[in-house]
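Written below as structure tokens is the structure these notes are about.
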Ligand SMILES: NC(=O)c1ccc[n+]([C@@H]2O[C@H](COP(=O)([O-])OP(=O)(O)OC[C@H]3O[C@@H](n4cnc5c(N)ncnc54)[C@H](OP(=O)(O)O)[C@@H]3O)[C@@H](O)[C@H]2O)c1
């Protein structure tokens, strides 16, 4: 049966790989596309896929797209993205935005009872409890796109509640795996952007280098699967062949394997519960020879500890962690903050702001605003610069 699909963030790493999946599928009917600023690429995609509605978060980019493209409607601003969700008649939305900007569209999608393929992990980190409650209230399905969570979704599916003792997320370790804290001083943006196994957008690539990505994923897994933090573990696995594993109550452990290619979890999320052909080489274990594992180094990569602590504290703490991290990563990419400064900004921001209970989405937007202000000041004052 054909599904009407809306892709938010179609010009990004996940978005363009999703278009590759759409191109190969008879079952996905594209009804809308969005980007922040990349209006030329977006218009090109709209033409190529015969889409008649696009949205650009940036007003100038939206105006330029409206001039250049008259074959359909151009919606503008954060409200334009939400409007597109509400009016496109989609029965599946892929949220491939980056950062907490993804929360509004996630809420709009689930609130309408529309199924959500979620790449934007920040939605769950920031608003996990409310987002999951919303999905439950409207009956919308939430299928993760993150490779580790897609793996867990598949591994857990066949198990009765209570049979799963522990979730284990694998981490590639990023480009700086094996370095001591002292060896991370002075690393450059170019070095941090060299991910050994995955080709991804800039923000998640830096998060992988600091291990904050794995921290965000722990919080994401906690909300998606209702698993206590004590039962979620992380192991570094540099080959990125095992995407996650679960330990069961009878002593069995199940793992999900495959070459690192995001088209696999994207296809799974867009076709669930069906599976379709994806042109991926079959896994050859003999050729791989060996898979290796090691524990994460908490001293060199403190972001993992900070994420566990924020997750356990609950309330607005994960939202503060995420906002401070977004500001710090942005500053690092612009050369205004050192690599080690990222974790320092996050830790100091969490130290300055009390976690509050989350009663409504408004408390999250307020916590996000406050944390951005504090993190921005810390960076400007050079307090957390080293
Ligand atoms: N890439 C991966 O392999 C991967 C794997 C697992 C999970 N994820 C998650 O998937 C999400 C997307 O990652 P990505 O690597 O695909 O990011 P990306 O390459 O940076 O792409 C982000 C997309 O969102 C748009 N966008 C950025 N900021 C926006 C805003 N404020 N409002 C509206 N649109 C905005 C961008 O538009 P412009 O082109 O105009 O900037 C682009 O289309 C992230 O949450 C990431 O953690 C990614």
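Values quoted throughout were computed directly from the atomic coordinates according to the rules given, and no laboratory measurement underlies them. For clarity, every value in this text was computed on a predicted model and none was experimentally measured. Virtual Cβ from ideal backbone geometry, glycine too; neighbours counted across all protein chains shown.
Packing here is the average count of other Cβ atoms within 10 Å per residue, and on that basis the peptides 198-208, 59-69, highest first, run 198-208, 59-69.
Measuring nothing but how far apart in sequence close Cα pairs (under 8 Å, 6+ apart) lie, relative to its length, the chain scores a relative contact order of 14 percent.
Ordering of 237-245, 166-174 by packing is 166-174, 237-245, highest average first (other Cβ atoms within 10 Å, averaged per residue).
Here each label is just a point 7 Å from Cα along the line to Cβ, and for residue 313 and residue 377 those points are 1.6 nm apart. Per residue, the chain reaches -14500 deg cm²/dmol at 222 nm when only DSSP H runs of four or more residues are counted, each adding -39500 (n - 2.57).
When the chain is treated as a Gaussian network with alpha carbon springs shorter than 10 Å, the biggest mean-square fluctuation among 159, 27, 326 belongs to 159. Across segment 1-65, C-alpha contacts under 8 Å between residues 6 or more apart give a mean separation that, scaled by the residue count, equals a relative contact order of 31 percent. With semi-axes defined as the square roots of five times the eigenvalues of the C-alpha gyration tensor, the equivalent ellipsoid of segment 3-144 measures 23, 16, 13 Å, largest first.
From most to least packed by mean Cβ count within 10 Å, the peptides 80-93, 278-291, 7-20 give 7-20, 80-93, 278-291. Normalised radius of gyration (Cα atoms, divided by 2.2 N^0.38 Å) for segment 144-302: 1.06. If the chain linking residue 229 and residue 161 were pulled fully straight, counting 0.36 nm for each residue of separation and taking away their Cα-Cα distance, it would gain 22.8 nm. Centroid-to-centroid, using Cα positions, segment 224-280 and segment 303-358 are 27 Å apart. Among beta bridges identified by DSSP and lying wholly in the chain, the antiparallel ones come to about 30 percent.
Taking the square roots of five times each eigenvalue of the Cα gyration tensor of segment 314-386, the equivalent ellipsoid has semi-axes of 22, 10, 9 Å, listed largest first. For the Cα trace of segment 238-386, dividing Rg by the Kirkwood Rh returns an Rg/Rh value of 1.08. The GNM of the chain, with springs linking C-alpha atoms under 10 angstrom apart, assigns the highest mean-square fluctuation among 176, 332, 293 to 293. Rounded to 0.05, the FRET efficiency of the residue 299 and residue 366 pair, given R0 = 35 Å and the Cβ-Cβ distance, is 0.55.
Projecting label points 7 angstrom from Cα along Cα→Cβ for residue 138 and residue 274 puts them 2.4 nm apart. Length gained on full extension, residue 37 to residue 189: 52.5 nm, using 0.36 nm per residue less the C-alpha separation. Calculation over all alpha carbon pairs of the chain in 10 angstrom steps from 0 returns a P(r) of 5, 23, 33, 27, 10, 1, 0 percent.
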